[in-house]
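Just so it is clear, none of the values below were taken in a lab; they were calculated from the coordinates. Since the structure is predicted, the reported quantities are computational estimates derived from the model, not experimental observations. For neighbour counting, all protein chains shown are included, and Cβ atoms are generated from backbone atoms with ideal geometry for every residue, glycine included.
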Amino acid sequence: MVQRLLERLGVYGTVAAMTVAVIIISVTLTAVVLQLVLGRITPIGLILSAVVPAVGVPLTFTYILRLYLQQIESERTHRELEQQLHQAQRMEAIGTLAGGIAHNFNNILMGVVANASVIRMDLEPDSPHQENCKSIEQLVDSGSKLTRQLLGYAMKGRYEVRPLDLNNLVQQTSDTFRATKKELTVVCDLADQAKPIAGDQGQIEQILLNLYVNASEAMVGGGTLTLTTRAVRLDDPGADPPRVGEYIRLDVSDTGVGMSPDIQQRIFDPFFTTKGLESSSGLGLSSVQGIVTSHGGYIEVDSQEDQGTTFHIHLPATDERPLEVEHPAPEPERGGETILLVDDEVFVLDACSLMLTRMGHDVLTASSGAEALRLVREHRDSIDLVVLDMVMPQMSGGETFDQLRSINPDLKVILSSGYNLDDAAVEIMKRGCNAFLPKPYDVSEVARIIRETLEA
């Protein structure tokens, strides 16, 4: 009863317990003194000197000790939660910065590749400068791969989401990797009749290749890389985000040097590398984690020093069937449609306008959403297509799209962005936007998207 009473006192329990202890000890000593003074043993003295010290004092001090231990545990848990919160805030801030850098860099690359494409179209086919332009385009492609890693870490969405056969992707990428790393043994243990996943093929391939490279660097001199897929069902609604339903689990295991617990805690940090930044960007595993998360999945690692490493990736399964592999179509013929190009970056607007003009289109340009709306009102019957930048000041791409459709519900719109197909872009696509065109894009890519949109 004493214990229950003290528990109800809450934050004052410790003080109350100490007070009760002092009272009990005082009463007990008083009883002993009375017995000595009276020279005889009384019933009250027996009770106070025997029962109270034997029961009350142990219970009271047990409660005090329990409160003290609970307080220590509570403080430790509070410190751990604070550290997790600070880490999450730091990662979110770095992710936002990385995503912004990648977006701006993609805009710059867009200007470079558009100008290079225009120069190529103006050159004679046998001009020696054709190779120089091709080199520029190849360098832009290399730069865009780096920005995809940054966007992958920043979890800025996906490019083109469709049903994918993960087994096929694992088999194809591992065959390619095996040909370049002949000192390694690559073993594939792929599940039969596994459901597809919904994802962007380029980013899923980036996940696989990053993990292959990471494994090979841990197996200097040779080793075994084992790739396993399994269909699993998860039921963890309390996870963040909830992990419920059918997933495809991919395990990437190596027989390399493994990792210490300290390194395991940091491997997904951006720019963290054990090889030095002069030989590694430190973005490989952080971008893997970002891409997996943006696809609704999660990644875990299991490693011990000198015993290898296994990455476990879970990606949600889908009931949709993968599309048949399409053979590349010949480059579309040049068109003569009128296209409204909307972008707040003047250098992107100028370069892409010139590229579309060289492709045979009549081009109108707008550097803001308000200007785009004005041009659509003035040229309602002549504009065949709008290429709309998603991220613009004052009036965003989403708001501009909605107002464009209110003016002309049948107007065809291609959404373009230096970001991937993130949540904001997906929402615009759901509202009826016709296609998504990630920056940077070259002549053949924009020609294909334009032709598919116009003919749809």
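Nearest 0.05, what FRET efficiency do residue 193 and residue 240 give at R0 = 30 Å with Cβ-Cβ as r? Could the numbers behind the result be given before it?
Numbers: r = 31 Å, r/R0 = 1.04.
Rounded to the nearest 0.05, the efficiency is 0.45.
In nm, to one decimal, how far is the residue 407 label point from the residue 180 one, both placed 7 Å along Cα→Cβ?
Going from the residue 407 label point to the residue 180 one covers 4.7 nm.
Determine ³J(HN,Hα), in whole Hz, for all residues of region 340-356 in sequence, where each value follows from phi through the Karplus function 6.51 cos²θ - 1.76 cosθ + 1.60 and θ = phi - 60°; x replaces Gly and Pro.
Ordered by residue, 3J(HN,Hα) equals 9, 9, 10, 7, 7, 8, 5, 5, 5, 4, 5, 5, 5, 4, 5, 5, 5 Hz.
Fully extended, how many nm does the chain gain between residue 381 and residue 131 (0.36 nm per residue separation, minus their Cα-Cα distance)? Don't skip to the answer; put the middle values down first.
On the way: separation 250, 0.36 × 250 = 90.00 nm, distance 4.13 nm.
Computed gain between residue 381 and residue 131 is 85.9 nm.
Neighbour counts of other C-beta atoms within 10 Å: give me 133, 188 arranged from fewest to most. List each step's numbers first, then the result.
Details: 133 20, 188 15.
Listed from fewest to most nearby Cβ atoms, that is 188, 133.
Go ahead and run the numbers for FRET between residue 83 and residue 426, Cβ-Cβ distance against an R0 of 45 Å, rounding to 0.05. Can you show the working numbers first?
Details: r = 33 Å, r/R0 = 0.74.
According to the calculation, E is roughly 0.85.
Karplus couplings for region 241-250 from phi (6.51 cos²θ - 1.76 cosθ + 1.60, θ = phi - 60°), rounded to Hz, Gly and Pro as x?
x, x, 10, 9, x, 8, 10, 10, 9, 10
Tell me whether region 166-316 comes out rounded, prolate or oblate; compute the Cα gyration tensor, take square roots of the eigenvalues as a ≥ b ≥ c, and use a/c under 1.5 as the rounded threshold.
Details: a/c = 1.64, a/b = 1.24, b/c = 1.32.
It is oblate, given that a/c is not under 1.5 and a/b is not larger than b/c.
Just to be sure I understand the model, the point goes 7 Å from the Cα along the line to the Cβ. What's the resulting residue 362 to residue 220 distance in nm?
It works out to 6.5 nm between the two label points.
Apply 1/(1 + (r/R0)^6) to the Cβ-Cβ distance of residue 456 and residue 319, taking R0 = 35 Å, and write down the FRET efficiency to the nearest 0.05.
Values: r = 25 Å, r/R0 = 0.71.
The formula returns an efficiency of 0.90 here.
Could you list 446, 346 so that the one with the fewest beta carbons within 10 Å of its beta carbon is first and the one with the most is last?
Final ranking by Cβ density, sparse to dense: 346, 446.
For region 366-375, take each phi angle, set θ = phi - 60°, evaluate the Karplus expression 6.51 cos²θ - 1.76 cosθ + 1.60, and give the result in whole Hz per residue in order, putting x for glycine and proline.
So the Karplus estimates, Gly and Pro as x, are 9, 9, 7, x, 4, 5, 5, 4, 5, 5 Hz.
Can you give the extra length, in nm with one decimal, that the chain gains between residue 394 and residue 262 once fully stretched, where that is 0.36 nm per residue apart less the Cα-Cα distance? Walk me through the numbers before you get to the answer.
Working: separation 132, 0.36 × 132 = 47.52 nm, distance 4.57 nm.
Fully extending the segment from residue 394 to residue 262 adds 43.0 nm.
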